[in-house]
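Report on the following structure.
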Amino acid sequence: MQARALTPEEYFVESEPYYESTGDEIAIFDAAYKNKLPVLLKGPTGCGKTRFMEYMAWRLKRPLITVSCHDDLTASDLVGRFLVKGGETVWVDGPLARSVRAGAICYLDEIVEARKDTMVVIHPLADDRRVLPMEKLGTLLEANNDFCLAISYNPGYQSVLKDLKQSTRQRFVALEFDYPAVELERKIVARESGVDATMAERLVKFAHMTRNLKGSGLEEGASTRLLVHAGKLIASGVDPVAACRSAIAQAITDDSEMLAAVQELSSSLF
Amino acid sequence: MADASPLTSERIRLSLEQWLEVEFTFLQVEDLSHTIAALSREEQNFLLGWVQRIATTNIQIAHQFARHAISSLALLDQRMIGAWALHAMDIYDRAGLRPAMKVIKELDTFIQYSHERSAGVLFEDVNGILLTFVHGLSGRRLKLEQNESVFTDSETLFLPAVVARMQKAEDNFALCKAMTALLWAQTRFGTFRADLIEALTAYPDSEKALKHFHTLETLRLESCISRELPGLFREMNRLRAELGEIKPLQNWQRYAHELARPDATVHDSLRLLADAYPGEVPPPACYQGELRPEAIAQCMAARIAREKILLRAKLAEMTQDLKQQQPDETEDRPSRFKVKQPNEEHAELNQLELILDDVPVAPPEDVRQLLTSIQLDLGSIPPDYLTPAGPGEYDTSLFEPKISDPDEVWQGTYHEEGATFYPEWDFGRQHYRKNWCVMREKDVTQVHDGFSLLTLQKHSGLVKHLRRTFEAMRDENRLLKREAGGDEVDIDALVEALADAYDGSEMSDRLFMRTHRSERNIAVIFMVDMSGSTKGWINDAEREALVLLCEALETLGDRYAIYGFSGTTRKRCELYRIKRIDEPYNDEVKARISGIRPQDYTRMGFAIRHLTRLLNEVQARTKLLITLSDGKPDDYNDGYRGEYGIEDTRKALQEAQRSGIHPFCITIDSEAQNYLPHMYGAVNYTVVDEVKKLPLKVTDIYRRLTHR
């Protein structure tokens, strides 16, 4: 298959993504979207936030523009900048401006990682003004009616430096995500990775063991995503203990003693 | 070139006399020298080297070692003899002269023991991994401790110091893990949910009954483990097969079959005990350990009482909190808690749902753990546990884990409760002394006398200057011009480039401006000498220096901590908290700086080791450990002076450096040139020759150290 090149606003989620609802999050997102309210997704990594966004984009039939924020992401990276082409300066929209124009869903992943000045840009978009100030052009861009802003945030990393300011968080409708309940998680792992029910059950049990260790040496336990990774390896014939080592243990810690202990847990289980 | 011909007995005698202080100890070295003289030069060097090393620890041991080692030179390779000597010194450190002499004399037992050490696993090595392993398994937060035998009191799992039944080290580790898992299974699968003492005393020979019961229970738990942890179960079977342990006797197979049912409980084991009691008991499995009903009963009784009170008090706290969040709720109605167990055959333990007035609530972590623990003891949560405690009904402080005040620990006899242990480098022995320093953190007594304000007034001119200099060093966004990419077009560069283009020359592509954030990201700990020798103006200068330093660091925004160190002997090593790394610079910190008083001696190794550990927990690109000192390391009465102290400090600094910390020393000792280059390296220290200048200098040195 040849890789397709799409502009961001052409990226529609075409087939229904697999998503298991854990509560009323779909209804709340729907209502928020209708009322033009921005949405904040909270929750640990790998519990399905991004998948949920894909699902909602498919459901609402809007293009999804995802920006993974990093610590060097500036306001101009979101809004846009001038480039020089053949002796002329040309304005190029950033992903946020593109979404605002096209009425896409703009999803800013891990927003706290971005530089502080980016927050200022999203504030007027996130309240009832729904405008994007484009300082360098000297214009205000009014949001398309279909535009939606969603951000995600992981409150687990309790660092003073990486906290969401009240002035930001109080503009959003917040949805809390957590790892799914045992039964559901088994179903998800089995369905996503193709392992059988017993293996899925073991994997989920293993995840719970690592989640028990949160706070005593582990920052986070194994996420559902990691379980799916391990499951996929197992389904392709990798030995379960080896799969857990590569897909889970090595992913959650570098500490050699913790690795050894997690390794002992998985070798006991499989 | 060293002379390769053997030393004469005369020279050996002289050396031995010197090392063993024959003048005072009157040890006989005549014969010994003759025997050693007969050895080859290489053997002589080896033996005498060890005698000299041991003599720095204890002369008697060195003497005995010399006598025994000669005969063992033929039996053992030199590496083993070295290990034997170190082991003897370890025992001396831990238990004193007599047990250490025993080790020296019982060389044979050591040979056997050293087999255990080389192939076996030591508790101290596997403790960390196994503890994490147990915490990962569901259930109560268990502890691990070293003991003579393998058993549990239902809160702590006791494991032996060495496990060496198997040939290979990894098998021994597997055995250790199996023991741990079986003990865990006892707490997890309800071995203690029956009154064992009563049930067992009903038999004429309760010892025998206990043995039978333990074996039955082990059968039941094995099948629990086979369901829960199949991988481990396979491992356990493999260990038994390797040790050649026989399969259960005829009727025991029937018991095993019956106890393998998923719904079998401890009561089934007790029921089968009646049938099994008259017969023979099969030999225990290698990982079986012991069952001690008395220890368990004692521990459980205390816990059950404690947890009931704690849970009810915590639930009361929770209702209070919830009510505050929703003040419009009806106030007077007492809250009713319920728990819901997900109706699933093998639900995870901590899946209990807590329901308050028909609304599910998320219990905080401590309540969740209490619920789990109670459920493990009783099988379910009795309804009366779920009534929140009335106001003033219980004083929970009695049951909360107490953090003992380091000063209180010293009231009465010496013990090591609540302390952290650090090793120390013994240069004579060329080896660490394990768990040698007993370290405690203490708070400096706050003195609110306006000291910091006075200091700021006294140095007001300097303070202004410092603020300016340090402000200039702060994180800021610099605008980089003529970049290949960036947020904005650099008009100057563009004009130039266009001119170049019309001119026919090559056009630059560096046409953009970019803001670059320069981040300092420095964490620093100041380690302040609080030894007795700082009394008087040195102490004043130190405190003034700290006030100015804090002022400057606050301007700069670097993360910093201040700790004082002092102590008397290895048993009382103290670190005084003045400012923790995450603590804001507030009045309390100021009062603590003011409260810094000269204490005892200057033992430095433990302080460096502890602060290194603290600093390593901080995320920062650059980590600094800066010592303010007035002299050499020195301690009272246990040899921590001169070369010993310097070498230990040096070793501790090397450890710090290896872990990525930059140590630096600021001293006022004018003789520092003699030892500081050896400890810190030629460039990592500064001597401030005038105490008066210390306040100015410390800050200035910090500026130089961290300036880009």
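The values are calculated or read from the model by the stated rules, or taken from the named source; none is laboratory data. For clarity, every value in this text was computed on a predicted model and none was experimentally measured. Cβ: placed from backbone, ideal geometry, glycine included. Neighbour counts: every protein chain shown.
Note on segment A:105-134: residues that are within 14 Å of chain B (Cβ to nearest Cβ) and not polar (S, T, N, Q) amount to 7.
Determine whether A:Leu83 is crowded, with 19+ Cβ neighbours inside 10 Å and within 30 Å of B:Ala484 (Cα to Cα).
Spelling it out, it is not the case that A:Leu83 is crowded, with 19+ Cβ neighbours inside 10 Å and within 30 Å of B:Ala484 (Cα to Cα).
Is one or more of the residues making up segment B:479-499 farther than 22 Å from A:Arg81 by Cβ, surrounded by fewer than 17 Cβ atoms within 10 Å (Cβ to Cβ) and not assigned by TED's automatic domain parsing to the domain that holds B:Asp540? So far as segment B:479-499 goes, yes, one or more of its residues are farther than 22 Å from A:Arg81 by Cβ, surrounded by fewer than 17 Cβ atoms within 10 Å (Cβ to Cβ) and not assigned by TED's automatic domain parsing to the domain that holds B:Asp540. Within segment B:535-549, is even one residue within 14 Å of chain A (Cβ to nearest Cβ) and within 30 Å of the chain's Cα centre (by Cα)? No, segment B:535-549 contains no residue that is within 14 Å of chain A (Cβ to nearest Cβ) and within 30 Å of the chain's Cα centre (by Cα). Taken over segment B:38-66, the criterion of being crowded, with 19+ Cβ neighbours inside 10 Å and assigned to a loop (DSSP other than H, G, I, E, B) is satisfied by B:Thr57, B:Asn58.
Select from segment A:192-240 the residues that are among the aliphatic types (A, V, I, L, M) and in contact with a His (Cβ under 7 Å, 6 or more places away or on another chain) and list them in ascending order.
Result: A:Leu213, single match.
For segment B:584-624, a residue qualifies if it is among the aliphatic types (A, V, I, L, M), over 20 Å from B:Cys437 (Cβ atoms) and either outside the structural domain of B:Ile538 (by TED's automatic domain parsing) or part of a helix (DSSP H, G or I) (or both), and the qualifying residues are B:Val589, B:Ala591, B:Ile593. Residues of segment B:2-37 that are without any contact (Cβ under 8 Å) to a residue 12 or more places away in the chain, assigned to a loop (DSSP other than H, G, I, E, B) and at negative phi: B:Ala2, B:Gln28. Here's a check for you: in segment A:77-95, which residue that is in contact with an Asp or Glu (Cβ under 9 Å, 6 or more places away or on another chain) and either within 20 Å of A:Tyr153 (Cα to Cα) or assigned to a helix (DSSP H, G or I) (or both) is modelled with the highest pLDDT? In this case the residue turns out to be A:Pro95.
I need the full set of residues from segment B:146-163 which are out of contact with any helix residue (DSSP H, G or I) (no Cβ under 9 Å at 6 or more places or on another chain) and either of a type in the set (D, E, K, R) or not assigned by TED's automatic domain parsing to the domain that holds B:Leu182 (or both), in order please. Selection gives B:Glu148 alone. Being on the phi < 0 side of the Ramachandran plot, touching a residue at least 60 places away in the same chain (Cβ under 8 Å) and out of contact with any helix residue (DSSP H, G or I) (no Cβ under 6 Å at 6 or more places or on another chain) is true for just one of B:Gly557, B:Gly532, B:Gly605. Which residue is that? Only one candidate passes the filter, namely B:Gly532.
Comparison of B:His257, B:His212 shows that the only residue that is more than 25 Å from B:Ser138 (Cα to Cα), at pLDDT 85 or above and touching a Gly at 6+ places or on another chain (Cβ under 9 Å) is B:His212. A residue that is more than 26 Å from B:His678 (Cβ to Cβ) and either in a loop (DSSP other than H, G, I, E, B) or assigned by TED's automatic domain parsing to the domain that holds B:Val698 (or both) cannot be found anywhere in segment B:630-652. Considering segment B:511-543, the residues that are basic (Lys, Arg) and crowded, with 16+ Cβ neighbours inside 10 Å include one that is nearest to B:Arg577 (Cα to Cα), namely B:Arg543. Exactly one condition in (1) farther than 28 Å from A:Arg202 by Cα; (2) touching a residue at least 40 places away in the same chain (Cβ under 8 Å); (3) part of a helix (DSSP H, G or I) is false for B:Gln253; which is it? All conditions are met except number (2).
For every residue, the table says whether it meets (1) in contact with a Ser or Thr (Cβ under 9 Å, 6 or more places away or on another chain); (2) away from every other protein chain (no Cβ under 14 Å); (3) buried (at least 21 other Cβ atoms within 10 Å of the Cβ).
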{"position": "A:Val39", "(1), (2), (3)": "no, yes, yes"}
{"position": "A:Thr45", "(1), (2), (3)": "yes, yes, no"}
{"position": "A:Met53", "(1), (2), (3)": "yes, yes, yes"}
{"position": "A:Met56", "(1), (2), (3)": "no, yes, yes"}
{"position": "A:Leu60", "(1), (2), (3)": "no, yes, no"}
{"position": "A:Leu78", "(1), (2), (3)": "yes, no, yes"}
{"position": "A:Glu88", "(1), (2), (3)": "no, no, no"}
{"position": "A:Leu140", "(1), (2), (3)": "no, yes, no"}
{"position": "A:Asp146", "(1), (2), (3)": "no, yes, no"}
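Within this structure, B:Leu546 fails the test of being closer than 30 Å to B:Leu694 by Cα, in contact with a Phe, Trp or Tyr (Cβ under 6 Å, 6 or more places away or on another chain), hydrophobic (A, V, I, L, M, F, W, C) and surrounded by 14 or more Cβ atoms within 10 Å (Cβ to Cβ).
Keeping to segment A:164-185, report how many residues are in contact with a strand residue (DSSP E or B) (Cβ under 8 Å, 6 or more places away or on another chain), aliphatic (A, V, I, L, M) and in a loop (DSSP other than H, G, I, E, B). Talk me through it step by step, then tell me what you get.
From segment A:164-185, those in contact with a strand residue (DSSP E or B) (Cβ under 8 Å, 6 or more places away or on another chain) are A:164, A:169, A:172-177; that's our starting set.
If we keep only those that are aliphatic (A, V, I, L, M) as well, we get A:164, A:173-175.
Still in the running and in a loop (DSSP other than H, G, I, E, B): A:164.
Residues that pass the stated criteria total 1.
All conditions but one from (1) part of a helix (DSSP H, G or I); (2) not assigned by TED's automatic domain parsing to the domain that holds B:Arg368 apply to B:Arg261; the one that does not is (1). With the requirement that a residue be surrounded by 12 or more Cβ atoms within 10 Å (Cβ to Cβ), over 15 Å from B:Ala62 (Cβ atoms) and hydrophobic (A, V, I, L, M, F, W, C), what does segment B:1-37 give you? Once the filter is applied, which keeps residues that are surrounded by 12 or more Cβ atoms within 10 Å (Cβ to Cβ), over 15 Å from B:Ala62 (Cβ atoms) and hydrophobic (A, V, I, L, M, F, W, C), segment B:1-37 yields B:Leu7, B:Leu14, B:Ala37. Which members of segment A:234-262 meet the condition of being more than 17 Å from A:Lys205 (Cβ to Cβ), under 25 Å from the mean Cα position of the chain (by Cα) and more than 14 Å from chain B (Cβ to nearest Cβ)? If the condition is that a residue be more than 17 Å from A:Lys205 (Cβ to Cβ), under 25 Å from the mean Cα position of the chain (by Cα) and more than 14 Å from chain B (Cβ to nearest Cβ), then A:Ser246, A:Gln250, A:Ala251 are the ones that fit.
Suppose we filter segment B:130-180 for residues that are within 26 Å of B:Gly190 (Cα to Cα), more than 10 Å from every other protein chain (Cβ to nearest Cβ) and hydrophobic (A, V, I, L, M, F, W, C); how many remain? Residues in segment B:130-180 being within 26 Å of B:Gly190 (Cα to Cα), more than 10 Å from every other protein chain (Cβ to nearest Cβ) and hydrophobic (A, V, I, L, M, F, W, C): 10 in total.
The rows are residues; the columns are (1) within 13 Å of another protein chain (Cβ to nearest Cβ); (2) assigned to a loop (DSSP other than H, G, I, E, B); (3) more than 43 Å from the chain's Cα centre (by Cα).
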residue: B:Tyr422; (1), (2), (3): no, no, no
residue: B:Trp425; (1), (2), (3): no, no, no
residue: B:Lys434; (1), (2), (3): no, no, no
residue: B:Met439; (1), (2), (3): no, no, no
residue: B:Asp449; (1), (2), (3): no, yes, no
residue: B:Leu462; (1), (2), (3): no, no, no
residue: B:Leu498; (1), (2), (3): yes, no, yes
residue: B:Arg510; (1), (2), (3): yes, yes, yes
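How many of the residues in segment B:140-189 are assigned to a helix (DSSP H, G or I) and in contact (Cβ under 8 Å) with a residue 12 or more places away in the chain?
Going through segment B:140-189 one residue at a time, the tally reaches 19.
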